[in-house]
1. Could we say that Ala352 is out of contact with any Pro (no Cβ under 8 Å at 6 or more places or on another chain) and either among the hydroxyl-bearing types (Ser, Thr, Tyr) or surrounded by 13 or more Cβ atoms within 10 Å (Cβ to Cβ) (or both) here?
2. Taking Leu506 as the residue in question, decide whether it is in contact with a strand residue (DSSP E or B) (Cβ under 8 Å, 6 or more places away or on another chain), of a type outside the set (D, E, K, R) and surrounded by 18 or more Cβ atoms within 10 Å (Cβ to Cβ).
3. Select from segment 186-217 the residues that are outside any strand (DSSP E or B) and within 16 Å of Ile259 (Cα to Cα) and list them in ascending order.
4. Which residues, taken from segment 228-262, are closer than 13 Å to Val194 by Cα and surrounded by fewer than 21 Cβ atoms within 10 Å (Cβ to Cβ)?
5. Please work out which residue is farthest from Ala467 (Cα to Cα), limiting yourself to segment 511-523 and to residues that are surrounded by fewer than 18 Cβ atoms within 10 Å (Cβ to Cβ) and of a type outside the set (S, T, N, Q).
6. Of Leu401, Leu442, which residue is of a type in the set (A, V, I, L, M) and within 14 Å of the chain's Cα centre (by Cα)?
7. Residue by residue through segment 430-457, note down the ones that are within 30 Å of Ser326 (Cα to Cα) and out of contact with any helix residue (DSSP H, G or I) (no Cβ under 8 Å at 6 or more places or on another chain).
8. If I filter segment 509-527 for residues that are closer than 18 Å to Arg490 by Cα and assigned to a helix (DSSP H, G or I), do I get at least one hit?
Amino acid sequence: MDRPRTDGPSGNRTLVIGTAGHIDHGKSALVRAITGIDPDRLKEEQARGITIELGFAHTTIDDTDVALVDVPGHEKFVRTMLAGAGGLDAVLLVVAADESVMPQTREHFEICRLLGIRRGIIVITKADVADRDTIELVELEVRELVAGSPLEFAPVIVVSARTEEGLGRLKEAIVALAHEEISVPRRGVARLPVDRAFSIRGFGTVVTGTLVSGELAEGDAEVLLPVDHPVRIRGLQVHGHPASRVAAPRRTAVNLGGIDLNQVSRGMTLATEGTLAVTRRIDVRIELLPGARPLRHGARVRVHQGTGEWLGRVSLSSIRTHAADSWTRVDVGASDVEVPPGGEALARLRLAAQAVLTRGDRLVLRAPSPAGTIGGAVVLDPEPSAGGVRRAHAADRLVALTAPEPASWTGIWLRDVGLRGLTSGDLVRRGGLGPQEADDVLEALVSCGTAVRGQRLVLDAEAVTAARNAIVAMLGAFHREHPDETGVPREVVRDRIGAGEVFETLLAGLQDTVTGTERLALSSHRPVLSSGDARVREVVDEVLKAAGRQPPDLATLASAAKASTTVVQKALQGLMTSRRAQRLDGLWFHADTLMALKADVKGLGSGASIDVASAKARFGVSRKFAIPLLEYLDRERVTRRVGDRRVVI
């Protein structure tokens, strides 16, 4: 659920802010001036004077702990920039006063917009090498770039890292961002996309990244995805200082136990088990940039989210030219179709490798060749079923999944899975909800009659009604074809309906219509017996009643009734349906015998005890009969087992 930003463990507010902008516009120098830390840690970066890898720095300004992520500005390293842009709270859009807006300025800005970064500061750097008129022109050009975007009214601050002009104002603006009362999505489950992995002697494997949701604590058991490798947190650091617990949003270093360094790489995700989907097939809503080439059906794209990157192929379902237009479904079999520049599409992405995603995740799409950012996408369903996306039902389903209300798209997923049902854990993993929000959504659907709650699963109400109707129809057809039979074996009904573990939930709603335990029948059904079957049932009833607490086996009953064991079994089932007999551990007892047994034992008085030996003597039976009779008394709550004895309740 969305919630206002909370204070960090130190009592300070927290802010994770990244740089964006063209190469050589002073991003790294700006980070050094703000924090005193050089984000260019590689020798090659320092020698060449350009950022190649992600750089990290931190500082505390007033009551705000600030983590800065410095990204490379060269077009060759946009993939690296994307790995650093995920999880940012805000951005410093950096533009040099002596060059103004350049190609990577535009691409980085579009990437931030596509990732949903809604807050930031525009920083015009190198103020010491440009005159006032030039700086004013640069500001106009930047304002034109961000017009209509979330950064349209962002403050513009002119600075010089060399002379420190404007640094004070910039720091004040950063603190102001941290103090803004906004709602940001912070799920209650841990999620940390890994951007670095290394080993420290004496500690072992360490990963770093931005904890974008939830909390991590020493000793926690987590999982590394998509490899599904269980790990344990041995230690945590924030801004170089040890911490026993860390809450999002924070740049965090995590010492992991149970995994070697060669098993970890950038693009993996440290998370709470079962809270994110691991998938190679996702349904998305695509937004193409106005300056991009048309996106054709079947096109290959590079997909970026968090610190991960995957190659994918696009299957278009519906297209619209403008956000205000209605969706136009793509015809089945049409191949010569494309999304126009600035247009949108509902589509399926099929990935070449497993990705770690959930609903609501924002993706950046880039063309493989020539390389360039072409648009973005929002995940609608990270675990869609297989099949085409253009048939009317599938296309309509994708349109419906764009609804923002969780109850709407949860209802769609319930219909998708039918009697397989959903749990709140499914909504956390697949729907991007927090655990409590997932529970609330399912409970609301149950309350309004859209869903039915089972023992473990929540089921679509229409699927439940259809299955219950199928059970009634199946039993009715059986009774018409076999009027002499008492009913259908329970397992046969369950398997034919395909209900699995939800079968008891289905029967619970049919308690006034369907009766029986081992065999199910309609309550209105009365077996129509032939004269021969009626005679056998009468004989079996008399023999069981006369045998009392030592009933005969099936063969003996068949001999007494002068009938086959099959006919005798049918007679026993009929007696059980009419409550004249009951089966205990393979033995058939007459109902009158069991009723007399209960009265006999209750007559011992509350608190009296009985064991197997005394039961054998009192009941006048062998152990073969005493054990099932004692267990029957336990089930009927006449006695309660305490060790090797039974106590009369």
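1. Details: out of contact with any Pro (no Cβ under 8 Å at 6 or more places or on another chain): yes; either among the hydroxyl-bearing types (Ser, Thr, Tyr) or surrounded by 13 or more Cβ atoms within 10 Å (Cβ to Cβ) (or both): no.
It is false that Ala352 is out of contact with any Pro (no Cβ under 8 Å at 6 or more places or on another chain) and either among the hydroxyl-bearing types (Ser, Thr, Tyr) or surrounded by 13 or more Cβ atoms within 10 Å (Cβ to Cβ) (or both).
2. Details: in contact with a strand residue (DSSP E or B) (Cβ under 8 Å, 6 or more places away or on another chain): no; of a type outside the set (D, E, K, R): yes; surrounded by 18 or more Cβ atoms within 10 Å (Cβ to Cβ): yes.
The answer is no for Leu506.
3. Of all residues in segment 186-217, those outside any strand (DSSP E or B) come to 186-190, 201-203, 212, 214.
Correct list: Arg201, Gly202, Phe203.
4. Asn255, Leu261
5. Among them, the one singled out is Glu518.
6. Working: Leu401 fails: within 14 Å of the chain's Cα centre (by Cα).
Just a single option satisfies the conditions, and that option is Leu442.
7. Result: Gly432, Cys448.
8. No, because not a single residue in segment 509-527 is closer than 18 Å to Arg490 by Cα and assigned to a helix (DSSP H, G or I).
The values are calculated or read from the model by the stated rules, or taken from the named source; none is laboratory data. Keep in mind the model is a prediction, meaning the values are calculated, not measured. Cβ coordinates were reconstructed from backbone atoms using ideal geometry, including for glycine residues, and neighbour counts include every protein chain displayed.
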